[in-house]
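The next block holds one structure in the form of structure tokens; read it before the comments.
The values are calculated or read from the model by the stated rules, or taken from the named source; none is laboratory data. Computed from a predicted structure; not experimentally measured. Reconstructed Cβ throughout: ideal geometry from the backbone, glycine too, with neighbour counts over all protein chains shown. The protein model used for the area step is the full one, side chains on, heavy atoms only, and it has no ligands, DNA or RNA in it. Shrake-Rupley method; radii C 1.70, N 1.55, O 1.52, S 1.80 Å.
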Amino acid sequence: GEPTALAVRISPLNEDLYVIELRDISEFQRLERVRRDFVANVSHELKTPVGALQVLAEALRDAVSDPDAAERFASRVQSEASRMAALVHDLLELSRIQGAERTPEARPVRVDAVIAEALDQNRTAAELKDIAFEVKGEKGLEVLGSESQLITAVKNLVSNAVAYSPESTAVTVEVGSCPTPDSVTEARTVCVTVSDKGIGIAPKDLDRIFERFYRADRARSRTTGGTGLGLAIVKHIAVNHGGRVDVRSAPEEGSVFTLMLPERSG
Ligand code: ADP
């Protein structure tokens, strides 16, 4: 593994005794590195569309006498601007969620209502690709937490399922008690699974897709217009609610994401 970083402090106790303090600062250094990488990533991701907009604005000005070219440049301005808007939106979302209390405004939330809303927010994108939504499982299960955060989490999973699936396939959302209760507390857990028949994820990427800005296939994911932040947001929301998120996937076979949340009892 990683070498341990130690900070040393030597202070005299009296004339012939010294106190030597060793402090493990590896974790501190790791967090500092994560923070620096994040800032570098954000700058890079914002610079790309801004650079494109500058070039496009110039091209647009030179194209006044060529309406067809002007039209093309204008629509690329539009798509670069939406990319930036999506990125800023996701960054704000992530920073809000990271700053949140562990248990956000904990209220009883009906999971089936969360799923219905998350699907509604993806309906247009699904219709454009002739993707059908299927909903299965128990009605009326409840968890404690923030309804808006939970909608965001399921919405992000469904939006990925749609984005990384070919046309005319199905995306299935299923809700129920997880097969095995929490091994420590025996508490019941609600499982929300989002399954697709899409491109799937290579084993080498599976561990990393929940990292901020990690995208499995840069070339391909670029064309889906995502930000690389969606799953990081899902993971934070799951953890904020005392749960977690898991994935099973194989290339060309599709993916199954499972959001596990402590069930509200009584
Ligand atoms: P993005 O904005 O790129 O979708 P995410 O954080 O939501 O960012 O996802 C990270 C990466 O994980 C994606 O770029 C993609 O490579 C992979 N991924 C996520 N969901 C799926 C899925 N349902 N099927 C295949 N790949 C997926």
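Given their separation in residues at 0.36 nm each and the Cα-Cα distance between them, Asp205 and Asp130 gain 24.2 nm when the chain is fully extended.
Using a probe of 1.4 angstrom, how much of the accessible area of the chain is carbon and sulfur, in percent?
On the way: 8540 of 16130 Å².
Within the chain, the accessible surface is 53 percent carbon and sulfur.
Accessible area per residue for the chain, computed on protein heavy atoms with a 1.4 Å probe, is 61 Å².
The aspartates and glutamates whose alpha-carbon is closer than 17 Å to the alpha-carbon of Lys139, local same-chain residues fewer than 8 away aside, are Asp112, Glu117, Glu147, Glu174, Glu263. Each peptide in 114-120, 232-238 receives the mean, over its residues, of other Cβ atoms within 10 Å, and ordering these scores from highest gives 232-238, 114-120. Here the stretch 19-65 was treated as a single set of alpha-carbon atoms; its pair distances binned every 5 Å from 0 give 5, 17, 11, 11, 10, 9, 9, 7, 6, 5, 4, 3, 2, 1, 1, 0 percent. If you take the square roots of the eigenvalues of the alpha-carbon gyration tensor of the stretch 14-103 and sort them as a ≥ b ≥ c, do you get rounded (a/c under 1.5), prolate (a/b over b/c) or oblate? Judged from the Cα gyration tensor, the stretch 14-103 comes out prolate (a/c at least 1.5, a/b above b/c).
Which of rounded, prolate, oblate describes the stretch 187-266, given a ≥ b ≥ c as roots of the alpha-carbon gyration tensor eigenvalues and a/c under 1.5 marking rounded, otherwise prolate only if a/b is larger than b/c?
Details: a/c = 2.64, a/b = 1.74, b/c = 1.52.
Verdict is prolate for the stretch 187-266.
Express the C-alpha Rg of the stretch 50-111 as a ratio against the empirical globular expectation 2.2 N^0.38 Å, rounded to two decimals.
My calculation over the Cα atoms of the stretch 50-111 gives 1.87.
Anyone know which of Gly140, Gly230, Gly51 comes out most mobile in the 10 Å Cα GNM of the chain? Taking springs between Cα atoms under 10 Å, the residue moving most is Gly51.
Could you tell me what fraction of 2.2 N^0.38 Å the Cα radius of gyration of the stretch 1-151 comes to, as a two-decimal ratio?
Details: Rg = 26.3 Å, N = 151, 2.2 N^0.38 = 14.8 Å.
Computed over Cα atoms of the stretch 1-151, the ratio equals 1.77.
Peptides 7-20, 199-212 ranked from most to least packed, by the mean per-residue count of other Cβ atoms within 10 Å: 199-212, 7-20. Decide, for the stretch 84-218, between rounded, prolate and oblate: order the square roots of the alpha carbon gyration tensor eigenvalues as a ≥ b ≥ c, take rounded if a/c falls under 1.5, and otherwise choose prolate if a/b is larger than b/c, else oblate. Judged from the Cα gyration tensor, the stretch 84-218 comes out rounded (a/c under 1.5). Using θ = phi - 60° in the Karplus curve 6.51 cos²θ - 1.76 cosθ + 1.60, the 3J(HN,Hα) couplings for the stretch 196-208 round to 9, 10, x, 6, x, 9, 5, x, 5, 8, 4, 6, 9 Hz; x is entered for Gly and Pro.
Could you give the C-alpha radius of gyration of the chain expressed as a fraction of 2.2 N^0.38 Å, taking N as the number of residues it contains? Mind showing how you got there, number by number?
Values: Rg = 23.2 Å, N = 266, 2.2 N^0.38 = 18.4 Å.
Relative to the 2.2 N^0.38 Å estimate, the chain comes out at 1.26.
Legend: distances between Cα atoms for Lys129/Lys155; Lys47/Lys129; Lys47/Lys197; Lys136/Lys235; pairs beyond 27 Å are Lys47/Lys129; Lys47/Lys197.
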